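The values are calculated or read from the model by the stated rules, or taken from the named source; none is laboratory data. Not measured: the values here are computed from a predicted model. Positions of Cβ are generated from backbone atoms using ideal geometry, with glycine treated the same way; all protein chains shown enter the neighbour counts.
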Amino acid sequence: MSETKTICCYCGTGCGVIVESDGARVTGVRGDPDHPVNAGRLCSKGANLHLTVRADASRVLRPELRRERQAERRPAGWDEALDFAADKFAAAIREHGPDSVAFYVSGQLLTEDYYVFNKLARGLAGTNNIDSNSRLCMSSAVAGYKATLGADAPPACYDDIEQAGCIFIAGANPAFAHPILFRRIEAAKAANPTLKLIVVDPRRTDTAAGADLHLAIRPGTDVALFHAMLHVLLRNGLADRTFIRAHTEGFAAIEATVRAFAPEAAAALCGVAAEDIERAAHWFGRSGAALSLYCQGLNQSSHGTDNNTALINLHLATGMIGKPGAGPLSLTGQPNAMGGREVGAMATLLGGHRDPADPAHRAELAELWGVPALPEKPGRTAVEMFEAVRRGEIKAIWIACTNPAQSLPHQQQVREALEQAELVVVQEAFAGTETAAYADILLPAATWPEKDGTMTNSERRVGRVGAALPPPGAARADWDIAADFARRLGARLDKAEIAERLFAYAGPEQIFAEHCAVTRGRDLDIGGLSYAQLEEKGPQQWPFPPGAETGAARLYADGEFPTASGRAAFGDIALRPVAEAADARYPLSLLTGRLRDQWHGMSRTGLAARLWNHAEAPRLEMSPSDMQQRGLSDGGLVRIESRRGALTLTVQASSDLLPGQAFLPMHWGGRFLKGLGVNALTLDACDPQSRQPEFKHCAVEVEKLDLPWRLVALRRGDAGAYLRRLQPLLARFPFAAVGLAGVETELVVLRAAAAEAPDPALLAELEELLELDDDANAMVYLDSRRGIAKRLLVEDGAVVGALLTGETAAAEWLKDGMARSQPLAETRAWALAPLAAPPDGKSGRGRVVCNCLNVAEKEIVAAIAAGAGLAALQEKLKCGTQCGSCVPEIRRMVTSNGQQAAMGRG
Ligand SMILES: Nc1nc2c(c(=O)[nH]1)N[C@H]1C(S)=C(S)[C@@H](COP(=O)(O)OP(=O)(O)OC[C@H]3O[C@@H](n4cnc5c(=O)[nH]c(N)nc54)[C@H](O)[C@@H]3O)O[C@H]1N2
Ligand SMILES: Nc1nc2c(c(=O)[nH]1)N[C@H]1C(S)=C(S)[C@@H](COP(=O)(O)OP(=O)(O)OC[C@H]3O[C@@H](n4cnc5c(=O)[nH]c(N)nc54)[C@H](O)[C@@H]3O)O[C@H]1N2
Ligand code: SF4
Ligand SMILES: [Mo]
């Protein structure tokens, strides 16, 4: 048995994790008690990390290659795959110039991986065409910081949560997306009852439900709200005029602009009460220390930079920056989005917070790398990059650690680009992603917990990522693959010697040292860091220059900013609408965002059945009144359509949404739901400065679908393997979704619908794929008059497989029974009878709210109805007593039940 200290590979909170392994397998994970971020805690995703570590067919285990587009990929050796890639890249560069190739990388790479890719693109291939999925995520935050504070550096830190008098959360749902930070916010509130929590979000999320004030603004109207708050601050003498005079510039213009933003005027634009805006500004201004936390609700907008700037204006006007408890702290999404920004692996950035448009900066980096010059022509940003591929301008694209055929907006065009490209290389850890389907070369990457390197979290904290296991199969570390390819490419570009020198790394430590050297003398100087010291002293915040004893918890305490004048700049922001407003044809505004227990395209979280139990299947949420208007009911099937595409899925009423809005989780791609996934609908309009796309809003219409024929297939056993077998079948039904369920026993669940019974051959194929066709052990009930068929497979006295067609009302009950290995006797009577619904009074357990202790919504609701509050629930059912991720939801269930009871009494 051994233990390895590392960092969680999910969100930018950056929790410390201890991985327990026996050398071949990970046997468990626990929070690192010594880590300054999480002090031993993990959220529901982090706590289940061990369930996602596999060395089986769920991983890409060896390189695969096809030399012709029409051919099937077949297994290849590393030499063959990388030589072929280098031939193709070199040919494109020779024939069409260096900008005919591109690299699309990821905020989930380690800093060392990122560094090598950047050097490969700019230092060797000679193109600035390197961008990262952070373009979809943090680029508006980067642009906002640079425009106002002069550098891309979050000035505050997590310890400010405990010291703030007001926490202002705008466009973020940390209860789901940064849960351990939310635990810290809950604890801070419990310790300090005067701490005010304000949440700005069109939806009533679990984060919003726990706030002292929830401003449910109309999507896209944050700037009007922030301007109105500034108006109130100025009018009431809550601005810090001394700070403004001494440390800022550009105040007069914004002061004049916000005069027009009286709370009443903004209230009409934002759709919230003027008093609430007034109250928010007073709490913020009188708090002593206001801390803003913000994320994609601000960033993923066609005016995302403006959103960021208008929020930072509030901090500059009140001097709430650079002091304990105060500051604009942009939450980073991915675990190492910050590392990518440091090494400059984005089209618009250069290493060490340099600017690729600045000739002096390019010359500095060229000298550090020992190359004659760096390319001058601006590189393409993510959306533009795929556009250029689609137009045939970029011939060869290298995609590492991101899944653009799921996560980029306007999927139809992304797919066209991937089809059109002459060469697509995909460097992936997990098998079967939407993007891998387009790969000419698929390269197996090592992933957490097999990787060794560093990552930087939201509060500028650099920490060591340690490897607990060797990579499975032929998988290799991302930096190692990139460096190997670089040497082969160099040989083909008559730069063999340069390439050998540039990429002569023996391991990640050497790369890190080089990265540190590149930051010397820059605002983020980490010249004083090394692996040895990070291991000895734990993770450190930057800047950490040579000779430093500790890093900087906060920036700008002296009021000096890294701008030309040394002053921070107010942004004079004009209002701009969302790119695609709802209209008569598409009257609903679609919001997208995260689920608590899933991560992005679910290549990792989708492997652990218990991470499905909180939200088992793709659901579109709509306001009850919009549903009523369209004659929709809970669980019914709908078609949702935008100008770009459509999806079929089930709908669910949600009182968290205002009329006119709909919500879809971002996670569902074409592997789990028929079609091109949620981003079939979204639009690719981008912020003109940050080039970040507007994922959060697009206009849609929803209509009722009549697909009365239903199918549910359930199978125990190697659920992951069955899942992979079923995925190709999704396209064959008008509606189909597949997923996992269960806790100790894992099940695969396929749900499908059609207008009428499909070709019997399709059902026979399904039976075969799920190995339900063993007649000797099957129980079959047929009612052909009503079109109902049940087929159950029995092993060792328990149902292990089921195919229900025509009538599926008992599916949830059956599924829970199968997951619990319910004795056959209870199922048999139903299975062999003309019963459509489950036997008397039985039903499924419903959604699981507490993942750790496996407590379902229905069980909690029943206990609340019997009078239990949060403490009693924790005592009796034990829900919410382990990782705490479900506590906001349970607290909310208790409150809303209390309100209902009160209404009943009234
Ligand atoms: N469970 C989980 N956690 C994650 C991730 C994950 O996939 N799963 N991904 C990580 C990553 S990469 C990221 S970037 C972060 C994202 O973290 P967050 O940004 O906190 O999460 P989202 O759900 O994308 O969006 C936040 C909220 O923005 C709101 N919103 C939409 N439009 C507007 C608007 O116009 N104004 C305002 N004020 N709010 C609006 C949405 O209703 C939503 O509740 O999460 C990270 N953490
Ligand atoms: N509609 C909508 N779309 C969105 C968003 C939204 O809010 N709404 N959010 C956007 C945001 S903020 C983000 S960050 C993106 C995320 O979008 P993606 O980057 O596409 O998300 P992931 O699914 O995390 O993709 C990472 C891929 O890398 C693989 N992988 C894991 N570890 C490793 C490794 O170590 N090496 C390699 N080579 N591969 C590895 C995983 O299996 C996975 O396929 O989605 C964006 N898309
Ligand atoms: S909050 Fe959860 S997902 Fe984020 S780093 Fe911590 S354990 Fe991982
Ligand atoms: Mo993100």
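So here's what we get for this one:
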{"item": "Number of the condition not met by ARG41 [criteria: (1) buried (at least 18 other Cβ atoms within 10 Å of the Cβ); (2) among the basic types (Lys, Arg); (3) part of a helix (DSSP H, G or I); (4) away from ligand 2 (no atom under 16 Å from the Cβ)]", "result": "(3)"}
{"item": "Residue match in the stretch 390-398 (condition: in a loop (DSSP other than H, G, I, E, B), buried (at least 18 other Cβ atoms within 10 Å of the Cβ) and among the β-branched types (Val, Ile, Thr))", "result": "yes"}
{"item": "Test for MET338: is it at pLDDT 95 or above, within 16 Å of ligand 1 (Cβ to nearest atom) and assigned to a helix (DSSP H, G or I)", "result": "yes"}
{"item": "Long-range neighbours under 9 Å by Cβ, at least six apart or interchain, first residue at negative phi within the stretch 229-244, second among the charged types (D, E, K, R) and in a loop (DSSP other than H, G, I, E, B)", "result": "HIS231/ARG259; LEU234/ARG259"}
{"item": "Those residues of the stretch 176-194 which are buried (at least 18 other Cβ atoms within 10 Å of the Cβ), more than 16 Å from ligand 2 (Cβ to nearest atom) and not charged (D, E, K, R), in sequence order", "result": "PRO179, ILE180, LEU181, PHE182, ILE185, ALA188"}
{"item": "Only listed residue being more than 16 Å from ligand 4 (Cβ to nearest atom), farther than 14 Å from ALA326 by Cβ and in a loop (DSSP other than H, G, I, E, B), chosen from ALA153, ALA190", "result": "ALA153"}
{"item": "Looking only at the stretch 26-55, and only at residues there that are at pLDDT 95 or above and among the charged types (D, E, K, R), the one that is farthest from ligand 1 (Cβ to nearest atom)", "result": "ASP34"}
{"item": "Matching option when the condition is in contact (Cβ under 8 Å) with a residue 40 or more places away in the chain, basic (Lys, Arg), more than 12 Å from ASP113 (Cα to Cα) and not in a helix (DSSP H, G or I), among ARG464, ARG488", "result": "ARG464"}
{"item": "Spans of helices (runs of 4 or more DSSP H) in the stretch 738-837 with at least 1 residues farther than 30 Å from GLN598 by Cα and over 33 Å from the mean Cα position of the chain (by Cα)", "result": "760-769, 824-831"}
{"item": "Answer from GLY869, GLY898, GLY880 - the residue that is crowded, with 19+ Cβ neighbours inside 10 Å, of a type outside the set (Ser, Thr, Tyr) and over 22 Å from ALA617 (Cα atoms)", "result": "GLY880"}
{"item": "Lone qualifier among PRO202, PRO155 - being over 24 Å from ARG461 (Cβ atoms) and either among the β-branched types (Val, Ile, Thr) or surrounded by 24 or more Cβ atoms within 10 Å (Cβ to Cβ) (or both)", "result": "PRO202"}
{"item": "So HIS35, is it in a loop (DSSP other than H, G, I, E, B), within 27 Å of GLU459 (Cβ to Cβ) and under 27 Å from the mean Cα position of the chain (by Cα)", "result": "yes"}
{"item": "So ALA569, is it buried (at least 19 other Cβ atoms within 10 Å of the Cβ), under 26 Å from SER134 (Cβ atoms) and more than 16 Å from ligand 3 (Cβ to nearest atom)", "result": "yes"}
{"item": "In the stretch 80-132, residue farthest from ALA421 (Cα to Cα) [restricted to those that are within 16 Å of ligand 1 (Cβ to nearest atom) and not in a loop (DSSP other than H, G, I, E, B)]", "result": "TYR114"}
{"item": "Qualifying residues in the stretch 453-477 (those that are in contact with a Ser or Thr (Cβ under 6 Å, 6 or more places away or on another chain) and polar (S, T, N, Q)) - the one farthest from THR13 (Cα to Cα)", "result": "THR454"}
{"item": "Pair list, Cβ under 6 Å, 6 or more apart: the stretch 751-765 residue modelled with pLDDT under 95, other residue outside any loop (DSSP other than H, G, I, E, B)", "result": "GLU756/TRP709; ALA757/TRP709"}
{"item": "Of all residues in the stretch 351-385 being without any contact (Cβ under 8 Å) to a residue 60 or more places away in the chain and either closer than 16 Å to ARG691 by Cβ or surrounded by 23 or more Cβ atoms within 10 Å (Cβ to Cβ) (or both), the one that is farthest from the chain's Cα centre (by Cα)", "result": "ALA357"}
{"item": "From GLY670, GLY717, GLY675, GLY660, residue being over 30 Å from ASN299 (Cα atoms) and not hydrophobic (A, V, I, L, M, F, W, C)", "result": "GLY717"}
{"item": "Test result for ALA579, buried (at least 21 other Cβ atoms within 10 Å of the Cβ) and touching a strand residue (DSSP E or B) at 6+ places or on another chain (Cβ under 9 Å)", "result": "no"}
{"item": "Test for THR648: is it surrounded by fewer than 23 Cβ atoms within 10 Å (Cβ to Cβ), among the β-branched types (Val, Ile, Thr) and out of contact with any His (no Cβ under 6 Å at 6 or more places or on another chain)", "result": "yes"}
